[in-house]
Amino acid sequence: MPHAPADALVAVGLSHRTAPIDIRERFALGDRRRAEWVDNLTARPAVSECVVLSTCNRTECYLAGNDAEALDRLGREALCAVSGLGTAGDSYLATLEGTSAVRHLFRVTSGLESLIVGEPQIQGQVRGAYRHGRPRVGPVLHRLFQSALEVGGRVRADTSIASGVTSIPGAAVGLAREVFGSLDDRSVLVLGTGEMGRLTVQCLKREGAGRVFLASRDPDRAARVSRPLEALPLRRSAALDALDRVDLVIACTESEAAFLRAAHVRSPRPGGAPLVILDIAVPRNVDPRVTDISHVFLYNIDDLRRVVDRARAAREQECERAEAIIERRVTKYRAWRRSRRADPAVRALRNTARQLVADALAGRTPVPEDDEALRLASQAALNKVLHGPTRAIRWLAERSDGEACLRGMEPWLAGRGEPRVPAGSGEARTGG
């Protein structure tokens, strides 16, 4: 059964602002199960469109349909189910509707909602979520995500919000520098060869880390990614068996389960030196029970807040400029949403006009060689004539009372009766 037109927009989810890491990782939707999860959700008649944004700091579901209350309920039920928490997970979820959902996504894409304000990675993550959601994206979410990506680009082009520490790997390396004082003589193991892993190695190199090992389950991938970064490649299993050779471990793989466990770090270390582990992955790569071992110090992504808060304070003025850009784009998107209410009236006008032209042509004596040329000329003329009234109807739809006005005009535009001006409209107020 075809879905009804999407009039409602809802965002349901959680982030580092509403839930700690042990809860966030329960809601994380990796690529492997996201597609099936979205297919199941959009099979429900109330859900016309769906895009899921799942990163280390948030899982958010953007839904469009014809009933905001149903979208909220279905989105919450689906997220609670994937978390395994059942109804207990509902308290961590927040819902935003309409303009609030639009503003939120624009802020997310611009980096204002990130743990590291201004981080550039979120722009690519939003783009990836939109691309993965394409089979389930219609006009509402298409326009929303295209607008969000434009806003994110404009904020970064017109402000300095992306200056300084703007990435989680950068903050992690900053925290490591605070712990060790200097990384010059330190050996570091990076677990993960994705974008986060590569960024982490680059940050470590800039800080002058002595030796940087880069590990992957696939030794060929480890070698391929390590080469341009001037890192030392390792197979992950070999790296985990040799943690006594490094001072610092930074874990940032996309694994859905913790693989670095207490057994890997029980061996005594040369000179009793401590092992510092920074787990910046969600779901976490490191079993929290490693902290039961006296020489191990574990930090997760939520422990980066000291570095984050300093970076945030330094960019407060840029955040204000970014907010102004976002508000202008929110207003523009809201006007587009209102203009969609004109579609039935525009269709009624065009159908009436086409029928009048068809009736006029049907009454003439047929001249076969002229029929096609006349039809095309009539269509071109009709489009020109209707351009002005169509724009006027869409302008009317953007008004706060536009929907009521359009409902009164539809019978007239369809060739039935006179237009009805609703009470409280501009004409009624002026007495015209």
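Rolled with a 1.4 Å probe across the full set of protein chains, the surface gives Glu323 an accessible area near 60 Å².
Multiplying the residue separation of Thr18 and Gln379 by 0.36 nm and removing their Cα-Cα distance gives an extension gain of 124.4 nm.
Counting only protein chain heavy atoms and rolling a 1.4 Å probe, the accessible areas of Glu256, Glu230 rank, largest first, as Glu230, Glu256. The stretch between Asp39 and Thr291, if pulled fully straight at 0.36 nm per residue, gains 86.7 nm over its current Cα-Cα span.
Here the Karplus curve 6.51 cos²θ - 1.76 cosθ + 1.60, taken at θ = phi - 60°, turns the phi angles of the stretch 187-193 into couplings of 9, 10, 10, 9, 9, x, 10 Hz, with x standing for Gly and Pro. The 3J(HN,Hα) values that the Karplus relation (6.51, -1.76, 1.60; θ = phi - 60°) gives for the stretch 320-327 are, in residue order, 4, 5, 5, 4, 5, 4, 4, 4 Hz. Gly and Pro appear as x.
A full extension of the chain between Arg328 and Asp184 corresponds to an added length of 47.2 nm, given 0.36 nm per residue minus the alpha carbon distance. Using a probe of 1.4 Å, the accessible surface attributed to Cys61 totals some 0 Å² when neighbouring protein chains are kept in position.
For the stretch 234-338, give the percent of accessible area contributed by carbon and sulfur heavy atoms, probe 1.4 Å, rounded to a whole number. Please report the intermediate quantities before stating the final value.
Numbers: 2530 of 5340 Å².
In the stretch 234-338, the share of accessible area belonging to carbon and sulfur is 47 percent.
Taking 35 Å as R0, compute the FRET efficiency from the Cβ-Cβ separation of Asp241 and Leu85 and round it to 0.05.
0.50
For the stretch 153-233, just say rounded, prolate or oblate: build the C-alpha gyration tensor, square-root its eigenvalues into a ≥ b ≥ c, call rounded for a/c under 1.5, and beyond that prolate if a/b exceeds b/c, oblate if not. Because a/c hits 1.5 or more and a/b fails to exceed b/c, the stretch 153-233 counts as oblate.
Placing a pseudo-label 7 Å from each Cα along the Cα-to-Cβ vector at Glu320 and Arg350 gives an inter-label distance of 4.6 nm.
When the surface is traced with a 1.4 Å probe over the full set of protein chains, Asp309 keeps roughly 90 Å² accessible.
The values are calculated or read from the model by the stated rules, or taken from the named source; none is laboratory data. All of these numbers come straight from a predicted model, not from anything done at the bench. Heads up, the Cβs are rebuilt from the backbone with ideal geometry, glycines too, and the neighbour counts pull from every protein chain shown. All accessible areas refer to the heavy atoms of the entire protein, side chains included, with ligands and DNA or RNA removed. Shrake-Rupley method; radii C 1.70, N 1.55, O 1.52, S 1.80 Å.
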